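Report on one structure; see the data block that follows.
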Amino acid sequence: MRHGDKSDAAIVLPARIEHAPCDSQSRTDHAWRATTRPSLRQANPSSTCSALRRRRATIQTLQVLAKARAAPAVPWDQREASLYGVIFPQMANWLPEGEARRLRREFAAELARLGVA
């Protein structure tokens with residue numbers, strides 16, 4: 001392997017993966033988390049899940065849209081562009097309807113500007 005060639009580089013995984021309260025394990029370990037982590041104390045874990053999903057969707061949609069806006073040409077390969085064309089509207093479903101509609105429209109306009117079918 002040549003220096004700088006990352007094709008055979010080992011994948012390093014974190015020693016411990018922290019699960020968000022809305023992961024599938026949340027029903028069993030939410031009580032433990034609430035007692036050990038005061039910032040996660042919630043009366044209703046499902047409201048925390050929705051809020052986290054909305055926040056994650058907002059961040060991801062805005063990042064993808066910003067990358068598309070800043071690019072003079074398609075910033076992704078064909079496979080990624082096709083993937084974003086499908087998942088962007090789905091990520092926007094987690095947002096309030098007006099904001100979701102606006103972001104979908106803006107993303108579609110950017111894809112048209114970049115010439116992505």
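Each reported figure results from applying straightforward, stated rules to the coordinates on display, with no laboratory input. Given the structure is predicted, the values throughout are model-derived calculations rather than measurements.
If the chain between Ala70 and Val86 were fully stretched, how many nm would it gain, using 0.36 nm times the residue separation less the Cα-Cα distance? Show your work: numbers first, answer last.
On the way: separation 16, 0.36 × 16 = 5.76 nm, distance 2.03 nm.
Gain in length upon complete extension: 3.7 nm.
Solvent-free Debye calculation, one equal scatterer per alpha-carbon of region 52-114: log10 I(q)/I(0) at 0.23, 0.25 Å⁻¹ equals -0.92, -1.07.
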